[in-house]
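The structure appears right after this line, and notes come after that.
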Amino acid sequence: MNKRLIALAVAGALAAPLAASAEGTHVTIFGRLQAEYATVDVDGFNAQSAVSDDALQSRWGLQIAEDLGAGLRAIGRIEYALNPGGDVHSTAREQWVGLGGDQWGEIKFGRVQSVLRDFAGGHNIDPFADTSLHATGSGGLMVSSANGYGSGDHGFVNSAVRYDSPVVEGFSVAGLLMPGDADKNDPVARAVLGDSEYSGGENGEWDFQIGAKYSGQFDIVGVDVFGAYSRDNVSILQKSLNLGNKDEQIWRGGAIFSVADFRLRGQFDYVINANPLGGAASCTNAAAFGDITAPGNNGRAQCNSAMNANGNGYLWILGADYTIGNTQLIAQGGMTRAKNNVGEAFGGFRRNVENITVGVIHNLSRRSSLFGGYQRVWVDDKTPLVADSDRNVYSVGVRHDF
């Protein structure tokens with residue numbers, strides 16, 4: 001009996017610090033599981049099919065918050081990607097710590113979402129974001145920059161500081177800064193291999209994004225208008241490769257109009273000096289259907305929205321959706337115009353991409369849904385001896401949030 005009492009006392013003593021450390025701190029486990037059966041049928045090639053989540057929509061994570069009093073709170077988030085139906089996947093999504101205030105908003109430090117991804121348009125425009133029907137990979141919406149500065153499915157930025165304001169009379173702003181010496185994180189390998197998630201300008205320069213939006217309701221009409229600007233300064237190492245690299249800039253504007261259960265949405269992006277190493281002239285696996293570097297892929301991955309290296313271009317998307325009960329009917333189209341770069345070097349010939357998508361999302365509950373649809377993509381590539389690779393995409397899938 002005494003041994004049992006001693007054991008209970010020891011257990012209680014060990015548990016006491018744990019309980020104290022958790023007092024006042026709220027930790028929420030969250031996640032999403034998604035799998036889809038998708039087929040990409042490219043003209044002139046055998047169709048590719050898979051049951052997986054190549055767009056990395058599936059994830060799990062922890063949301064952390066502590067009330068510090070006086071309207072101040074400590075916040076944090078840890079989030080990793082999963083791939084049901086595929087191999088083990090542990091790609092980091094968000095990883096940050098920060099502070100929030102009722103009066104002044106939130107500031108985050110670490111790996112954060114791009115402002116162009118979740119604040120000013122991006123995923124808010126495309127109902128099929130993070131699926132094989134997404135506009136990002138096939139033309140329209142936004143390029144899928146490897147450094148996270150685009151609004152693609154891999155739109156996360158390392159070594160960053162992000163601020164989000166509170167909403168005041170319908171207006172809100174967001175901004176992101178990335179230190180100019182971020183290129184010092186494993187710079188040689190990332191610059192040479194083109195994996196520039198640690199991009200950043202020369203020492204002393206800061207890559208940055210800013211965005212603003214307004215949301216209002218006028219009688220039965222809802223209006224959301226947004227604009228954003230992104231600047232990705234070329235690093236010393238990127239300049240040393242003598243590829244003619246210049247600082248990349250992206251201008252964005254768009255709006256969403258809603259009347260009852262009907263929405264009309266559009267977005268336009270103009271890209272200047274697309275960065276060939278991790279910028280708007282690159283593509284990531286997360287933006288494609290399958291591995292873009294796999295032998296025999298022959299450029300069949302869904303990533304025609306990339307610009308030409310050091311070239312300019314523009315992208316747009318226009319869509320409409322109508323909700324009937326628990327079912328959302330979707331129709332949208334997009335277009336990419338990748339202009340020639342100087343001297344048409346580095347494969348910089350003009351490329352035009354257009355697409356249309358029709359589909360449906362049916363909500364089984366607040367957390368579970370089914371989705372499916374069809375997408376047709378037309379590619380007009382002016383590069384000599386390069387096939388246009390028009391494609392058909394078919395997809396059905398299921399998603400569950402927890």
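No lab work stands behind these numbers, since they all come straight from the coordinates. Remember, predicted model here, so these are calculated numbers, not experimental data. Virtual Cβ from ideal backbone geometry, glycine too; neighbours counted across all protein chains shown.
Here the Karplus relation 6.51 cos²θ - 1.76 cosθ + 1.60, evaluated at θ = phi - 60°, turns the backbone of region 357-372 into coupling constants of 9, 10, x, 8, 10, 10, 8, 6, 7, 5, 10, 10, 8, 10, 8, x Hz, with x for every Gly and Pro.
For region 56-64, 3J(HN,Hα) computed residue by residue from phi via the Karplus equation (6.51, -1.76, 1.60; θ = phi - 60°) reads 6, 6, 5, 6, 9, x, 10, 10, 10 Hz, glycine and proline entered as x.
Distance from a point 7 Å along Cα→Cβ of residue 368 to each backbone N in region 56-80: keep the residues under 15 Å and list them by number. Within reach of a label on residue 368: no residues. A crude spin-label estimate for the pair residue 331 and residue 97, with each label 7 Å from Cα along the Cβ direction, gives 5.2 nm. Applied to region 254-263, the Karplus parametrisation 6.51 cos²θ - 1.76 cosθ + 1.60 on θ = phi - 60° returns per-residue 3J(HN,Hα) values of x, 7, 10, 10, 9, 9, 6, 9, 10, 10 Hz, with x for Gly and Pro.
Between residue 72 and any residue 5 or more places off or on another chain, the built amide H atoms are never under 5 Å apart.
Peptides 95-102, 353-360, 124-131, ordered by how many other C-beta atoms sit within 10 Å of their residues on average, highest first, read 124-131, 353-360, 95-102.
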